[in-house]
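Here's the structure, in structure tokens; my notes come after.
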Amino acid sequence: MENNRPLQTSRRASGVLLAALMLPGLAALAVLLPAIATAESAPEKSTIAIQYGTYEDRQPGFERVTVHAPQLYVQIPVANDWAIAGSWVGDSVSGASPRWHTERSSASRMSGYRKAGDIKVTRYLPRAALSASLAYSDEHDYTSRALGLEARWSGDDNNRTWTVGYGRTLDKIDNTGSGLNTAIDQHRRTHELMAGITQVLTPFDIVQLNLTRSMGSGYYNDPYKTVDQRPDHRNAWIAVLRWNHYLGQADAALRSNYRYYTDTFGIGSHTVGINWAQPLGRWTVTPGVRYTTQRAAGFYLDPVLDAQGRYDTGATLASAAGITGNKSFDTRLGSFGAATLSARVGYAIAPETVISVKFEQYRQSAGLRLGGGGSPDIAPLQARFLQVGLTHQF
């Protein structure tokens, strides 16, 4: 699923990193929440987590974008039945503008900084919990404000937990500071409804299903594209299914997940992931693999290349001139596949303190699309993500 925040095109490539950081909205929560069904109770201890992530990507013969992102998370129990949690992230981006068919040349340099944070308050009841959250993100051309409400409750035996939630996001897009003035005081609103169920099947198996409906309206164009006209509404369905299985003989957990996405742009994607969590004394090793295949938006146009296989600006613009209505050469709206290999290593230096290192290697190309037939002339993209962290309870 492509990310439609209308940032500078080169910054969009940091999606692999940003997906691992704090993301407001229920769609993100549906992907990141662990599949664990327990009796609802306030945390007994405070938690602080400090992480630092780096991201680098490249295309054939071309080093692109580098991102550095420190992160902080704090959760504090209050008066036995309450908890307050908050997070902050600041990511700095630098590098060359990428080959995403943008009006900026691949030789141009760019840099930017984004800061984001959220706060969540939870009230715990017998076998239930109610939460409210606020989130804020800001950078030179984009500001986002979000709120969320969530309720969870379990049955008498705590083997089944229901979850419902509502989220609202207000975005402002304005690139007058860049000198382009292609998006002046533009706005977008998104409403999200989420419902989910987590069920303990056996002493060794637990499953979770979340369904999210996203409804958005407003500005969806990319102001950094010469040709980019998109619908002013975007509605989506997102379904996430997880299954966790404990293997007693190996004292390990096999965690699998499947995600389906479809929207009114015509994009459809399937993502399958699996990882193996293996404790080894104070160590925990978690290798994993993830695969995504995406169908192109209905208004996506393939670029025109010259005889040397280079992007031909004049011919590409001429091919779009006779097309009325929505159209875009943004390759993130195209058809492609992507594979990710990951590994996380954690070490408990004390019962309440864990340090960890996580590495991901990502590759995206048209040829990786399931069944072949991806959008032609999309340059392959490779990315690396490294994150180190420390978590402490007290």
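Do you know which residues across region 69-89 are surrounded by 15 or more Cβ atoms within 10 Å (Cβ to Cβ) and of a type outside the set (S, T, N, Q)? Before the answer, list the steps.
To start, the set of residues in region 69-89 that are surrounded by 15 or more Cβ atoms within 10 Å (Cβ to Cβ) comprises 69, 71-75, 77, 83, 85-89.
Once the filter is applied, which keeps residues that are surrounded by 15 or more Cβ atoms within 10 Å (Cβ to Cβ) and of a type outside the set (S, T, N, Q), region 69-89 yields A69, L72, Y73, V74, P77, A83, A85, G86, W88, V89.
Determine if region 348-363 includes at least one residue that is crowded, with 18+ Cβ neighbours inside 10 Å and closer than 28 Å to Q229 by Cβ.
Looking through region 348-363, none of the residues is crowded, with 18+ Cβ neighbours inside 10 Å and closer than 28 Å to Q229 by Cβ.
Does region 155-166 contain at least one residue that is farther than 27 Å from Y124 by Cβ and part of a strand (DSSP E or B)?
As a first pass, look at region 155-166 and keep what is farther than 27 Å from Y124 by Cβ: none.
For region 155-166, residues farther than 27 Å from Y124 by Cβ and part of a strand (DSSP E or B): absent.
Give region 322-341 a look and list any residue that's outside any loop (DSSP other than H, G, I, E, B) and in contact with a strand residue (DSSP E or B) (Cβ under 7 Å, 6 or more places away or on another chain), or say none. Explain how you work it out, then say what you get.
Here is the first cut: in region 322-341, the residues outside any loop (DSSP other than H, G, I, E, B) are 327-328, 331-333, 336-341.
K327, S328, L333, F336, G337, A338, A339, T340, L341, listed by residue number.
Please enumerate the residues belonging to region 266-300 that are closer than 15 Å to F336 by Cβ and out of contact with any Gly (no Cβ under 8 Å at 6 or more places or on another chain). Break it down into steps so the answer makes sense when it comes.
Residues of region 266-300 closer than 15 Å to F336 by Cβ: 266-271, 290-297, 300.
Answer for region 266-300, where residues must be closer than 15 Å to F336 by Cβ and out of contact with any Gly (no Cβ under 8 Å at 6 or more places or on another chain): I267, G268, S269, H270, T271.
Taking only region 378-394 into account, find how many residues are assigned to a strand (DSSP E or B) and open to solvent by 40 Å² or more (accessible area, probe 1.4 Å). Talk me through it step by step, then tell me what you get.
Within region 378-394, the first condition is being assigned to a strand (DSSP E or B), and the residues that meet it are 381-393.
From the residues that got through so far, the ones that are open to solvent by 40 Å² or more (accessible area, probe 1.4 Å) too are 382, 384, 386, 388, 390-393.
So the answer is 8.
Considering each of Q229, Q186, Q199, Q208 in turn, give the residue that is within 24 Å of W276 (Cα to Cα), touching a Gly at 6+ places or on another chain (Cβ under 9 Å) and polar (S, T, N, Q). Don't jump to the end; show me each part of the working.
Values: Q229 fails: within 24 Å of W276 (Cα to Cα); Q186 fails: within 24 Å of W276 (Cα to Cα); Q199 fails: touching a Gly at 6+ places or on another chain (Cβ under 9 Å).
From the options Q229, Q186, Q199, Q208, the qualifying one is Q208.
Residue by residue through region 85-103, note down the ones that are aliphatic (A, V, I, L, M) and either at pLDDT 85 or above or closer than 30 Å to A132 by Cβ (or both). Let's see the steps before the verdict.
If we filter region 85-103 for residues that are aliphatic (A, V, I, L, M), which is where we start, we get 85, 89, 93, 96.
Scanning region 85-103 gives A85, V89, V93.
Taking the condition of being part of a strand (DSSP E or B) and open to solvent by 70 Å² or more (accessible area, probe 1.4 Å), how many residues in region 275-321 meet it? Steps first, please.
First pass over region 275-321, keeping only residues part of a strand (DSSP E or B): 275-280, 283-295, 300, 305, 311.
Restricting the remaining residues to those that are open to solvent by 70 Å² or more (accessible area, probe 1.4 Å) gives 276, 280, 283, 290, 295, 311.
So the answer is 6.
Which of the residues belonging to region 176-202 are open to solvent by 30 Å² or more (accessible area, probe 1.4 Å), touching a residue at least 12 places away in the same chain (Cβ under 8 Å) and either closer than 30 Å to D251 by Cβ or among the basic types (K, R) (or both)? Talk me through it step by step, then tell me what you get.
Narrowing region 176-202 to residues open to solvent by 30 Å² or more (accessible area, probe 1.4 Å): 176-182, 184-187, 189, 191, 193, 195, 197, 199-202.
When the remaining residues are screened for being touching a residue at least 12 places away in the same chain (Cβ under 8 Å), the result is 177-178, 180, 182, 185-187, 189, 191, 193, 195, 197, 199-200.
The answer is R189, I197, Q199, V200.
Restricting to region 171-203, count the residues that are part of a strand (DSSP E or B) and farther than 21 Å from F265 by Cβ.
Kept after step one, since they are part of a strand (DSSP E or B), are these residues of region 171-203: 171-173, 186-202.
Right, trim to farther than 21 Å from F265 by Cβ and you get 172, 195-202.
Here the count works out to 9.
Which condition number does D330 fail, the rest of (1) more than 21 Å from the chain's Cα centre (by Cα); (2) modelled with pLDDT under 90 being met?
Exception for D330: condition (1).
Could you check region 328-341 and list, in sequence order, the residues that are surrounded by fewer than 17 Cβ atoms within 10 Å (Cβ to Cβ) and either out of contact with any Pro (no Cβ under 9 Å at 6 or more places or on another chain) or without any contact (Cβ under 8 Å) to a residue 40 or more places away in the chain (or both)? Explain how you work it out, then say what you get.
Step one: of region 328-341, the residues surrounded by fewer than 17 Cβ atoms within 10 Å (Cβ to Cβ) are 339, 341.
Selection gives A339 alone.
Do any residues in region 233-249 that are on the phi < 0 side of the Ramachandran plot have Cβ atoms under 7 Å from those of residues that are outside any strand (DSSP E or B) and small (G, A, S), where the two are at least six apart or on different chains, and which pairs are they?
Pairs found: I238/A27; I238/A30; V240/A30; R242/A35; N244/A35.
Would you mind stating whether V388 is touching a Phe, Trp or Tyr at 6+ places or on another chain (Cβ under 8 Å) and over 22 Å from H270 (Cα atoms)?
Answer is yes for this residue.
What is the residue count in region 204-232 for residues that are free of Cβ contacts under 8 Å to residues at least 40 places away in the same chain and in a loop (DSSP other than H, G, I, E, B)?
Looking only at that region, the number is 1.
The values are calculated or read from the model by the stated rules, or taken from the named source; none is laboratory data. This is a predicted model, so every value here is computed, not measured. Virtual Cβ from ideal backbone geometry, glycine too; neighbours counted across all protein chains shown. All accessible areas refer to the heavy atoms of the entire protein, side chains included, with ligands and DNA or RNA removed. Shrake-Rupley method; radii C 1.70, N 1.55, O 1.52, S 1.80 Å.
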